[in-house]
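Structure first, commentary second.
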Amino acid sequence: MLNSVFTLYIERWSWFMGLLLEHIWICGTALFFGSFIGLLLGIWIAEREYFAPVIMGGVNFVYTIPAISLLGLLIPFLGVGNKTAIMALSLYALLPMVRNTYAGLHSVDAEIIEAARGMGSTALQILLRIKLPLALFIIIAGVRNMVVMTISVASIASFIGAGGLGVAVFRGIATNNLAMTFAGSLMIALLALFCELLLGQFEKYLKKRRRMY
Amino acid sequence: MADTIIRFEKVSKKYNSTPVLNNISFTIKKKEFITIIGSSGCGKTTVLKLINGLLFPDSGKIYVQHEDISKVNQIALRRKIGYVIQGIGLFPHMTVSKNIAYVPSLTHKWDKKTEKDTVKLLLEIVGLEEEMAGRYPHELSGGQQQRVGIARALAAKPEILLMDEPFGAVDEITRRALQDQILLIQEKIGITVVFITHDINEALKLGSRVMVLDNGGIVQLATPQEIYENPATDFVRKLVGNY
């Protein structure tokens, strides 16, 4: 089994590399939009508590839609292919990002914020120089969560014609080629693991800089 | 009147419907060291937060440096007033140096040399070693943290220093050292200090005048000696009885 997987990798090396790069591209784009919009939404509802239930309810609701349904539901609007995949993945990425940004900003000690306010900081200065840096590690936890999830869910997107490593998995299933399914899955898992490790190292570096050990 | 720096004129403040301050008026002169004492919940902190505009009075007027503070830019007002609070007011993600440079950095960027020199000077004023500048708050003892808190409040060269039970969370020996230090600083740079405490010994030791608050009003505002010798009410008598 493993032998045939490696034979596949060697024989179709450039095809797998192409799929890997496409997978990275789809996830990267979705993560960019998801984290950017998620961060802004998280900040917004942390500063304007009034909107929090609506936004949190909304992103929670999206999260409960099965991936395959969400992809299907988006087809009428964006057609089949990568665009729909990126849209769906961005929507999924919102929840961990919004939730952790919101929770992170809320975790900042009220006394510290009061001190910053009492010393004459503007609301923007408090956000940028006090709240966000202090919420950083909770936000990073959300990013890690989001990255791993996006990489794995992205493989399902091949079902609606998107590229990426899901193509290998689906082809393996369709042609009853277990080695092919396994080869695709293994690369997805390794990619997720690699990104997780990378982010873990980045977090460690930041903590070391603040001497939090 | 020329040397008046803070003036409350018939100030009242309620939280929801509970009155906290009831029609209080007083004047603080330049370079005075006012200590405010009273039972908890008597509005001590409220008085302080009214001075730097963190709270607004329901009625009455407050003047800081002859200006009605309801009519000035609150942010600019706060930057001119040093503020030290109890416990963990330091920013945990910044070094001592960055903490101290915080208020000046809100309005303009300090170059590296100015920051280094000023921080060094301020650390010296509060009695800390220069090597502390690169440390993070969690690498300091409670007493050292309070000293950094004072240095940070002094960084923008304020004329008024507000201190809300700054030494409440440290041990007795450290507290005495900090008390001596703040007296020394006040004498050296001639700043006006408004200092909240729940410890009568501290209030009498530090204050050039002591303000006793009870039931939302000023019971007595007088020199420590006067408070000690002629307590105005039973409340004050009971307070100094422990002395």
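The values are calculated or read from the model by the stated rules, or taken from the named source; none is laboratory data. The model shown is predicted, which means the values in this text are computed figures rather than measured ones. Positions of Cβ are generated from backbone atoms using ideal geometry, with glycine treated the same way; all protein chains shown enter the neighbour counts. Ligands, DNA and RNA are stripped out before the accessible areas are found, and what is left, the full protein with its side chains, is counted by its heavy atoms. Shrake-Rupley method; radii C 1.70, N 1.55, O 1.52, S 1.80 Å.
Looking only at region B:129-152, decide whether some residue is part of a loop (DSSP other than H, G, I, E, B) and buried (at least 22 other Cβ atoms within 10 Å of the Cβ).
no
Identify, from the list B:Leu140, B:Leu161, the residue that is modelled with pLDDT of 90 or more and over 19 Å from B:Asn52 (Cβ atoms).
Among B:Leu140, B:Leu161, only B:Leu140 is modelled with pLDDT of 90 or more and over 19 Å from B:Asn52 (Cβ atoms).
Among the residues that make up region B:70-90, is at least one of them more than 14 Å from chain A (Cβ to nearest Cβ) and more than 15 Å from the chain's Cα centre (by Cα)?
The answer is yes; a qualifying residue exists.
Just to be sure, is A:Ile188 assigned to a helix (DSSP H, G or I) and free of Cβ contacts under 8 Å to residues at least 12 places away in the same chain?
It is false that A:Ile188 is assigned to a helix (DSSP H, G or I) and free of Cβ contacts under 8 Å to residues at least 12 places away in the same chain.
Criterion first (open to solvent by 50 Å² or more (accessible area, probe 1.4 Å) and free of Cβ contacts under 8 Å to residues at least 24 places away in the same chain) does B:Asn73 satisfy it?
Spelling it out, B:Asn73 is indeed open to solvent by 50 Å² or more (accessible area, probe 1.4 Å) and free of Cβ contacts under 8 Å to residues at least 24 places away in the same chain.
Yes/no matrix, rows are residues, columns are (1) open to solvent by less than 30 Å² (accessible area, probe 1.4 Å); (2) at pLDDT 95 or above; (3) under 22 Å from A:Leu89 (Cβ atoms):
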site	(1), (2), (3)
A:Met1	no, no, no
A:Phe6	no, no, no
A:Tyr9	no, no, no
A:Arg12	no, no, no
A:His23	yes, yes, yes
A:Ala30	yes, yes, yes
A:Phe33	no, yes, yes
A:Leu40	no, yes, yes
A:Ile43	yes, yes, yes
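Each row is one residue, and each column tells you yes or no for (1) modelled with pLDDT of 90 or more; (2) within 29 Å of B:Asp199 (Cβ to Cβ); (3) open to solvent by 10 Å² or more (accessible area, probe 1.4 Å).
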site	(1), (2), (3)
B:Met1	no, no, yes
B:Lys29	yes, yes, yes
B:Glu32	yes, yes, yes
B:Gly43	no, yes, no
B:Lys49	yes, yes, yes
B:Asp68	yes, no, yes
B:Gly82	yes, yes, no
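State all residues of region B:179-221 that are assigned to a strand (DSSP E or B) and open to solvent by 30 Å² or more (accessible area, probe 1.4 Å); if no residue qualifies, say none.
B:Arg209, B:Asp214, B:Ile218, B:Val219, B:Leu221
Spot the failing condition for B:Leu178; the list is (1) hydrophobic (A, V, I, L, M, F, W, C); (2) farther than 25 Å from B:Thr45 by Cα; (3) free of Cβ contacts under 8 Å to residues at least 40 places away in the same chain, and only one is missed.
(2)
Just one of (1) facing chain A (nearest Cβ under 10 Å); (2) within 21 Å of B:Lys31 (Cβ to Cβ); (3) at pLDDT 90 or above trips up B:Ala156, so point out which.
Here B:Ala156 clears every test but (3).
Select from region B:103-128 the residues that are open to solvent by 60 Å² or more (accessible area, probe 1.4 Å) and either within 14 Å of chain A (Cβ to nearest Cβ) or in a loop (DSSP other than H, G, I, E, B) (or both) and list them in ascending order.
B:Thr107, B:His108, B:Lys109, B:Asp111
What are the residue pairs meeting all of these: first residue in region B:52-65, first residue touching a residue at least 60 places away in the same chain (Cβ under 8 Å), second residue buried (at least 19 other Cβ atoms within 10 Å of the Cβ) and aromatic (Phe, Trp, Tyr), Cβ atoms under 8 Å, and 6 or more apart or on different chains?
B:Asn52/B:Tyr83
On the basis of being part of a helix (DSSP H, G or I), in contact with a Phe, Trp or Tyr (Cβ under 7 Å, 6 or more places away or on another chain), more than 14 Å from chain B (Cβ to nearest Cβ) and in contact (Cβ under 8 Å) with a residue 60 or more places away in the chain, does A:Leu71 make the cut?
So A:Leu71 fits the description; yes.
Please determine, by comparing only the residues of region A:105-121 that are more than 7 Å from chain B (Cβ to nearest Cβ) and small (Gly, Ala, Ser), which one is least open to solvent (accessible area, probe 1.4 Å).
So, considering only residues that are more than 7 Å from chain B (Cβ to nearest Cβ) and small (Gly, Ala, Ser), the one least open to solvent (accessible area, probe 1.4 Å) is A:Ala116.
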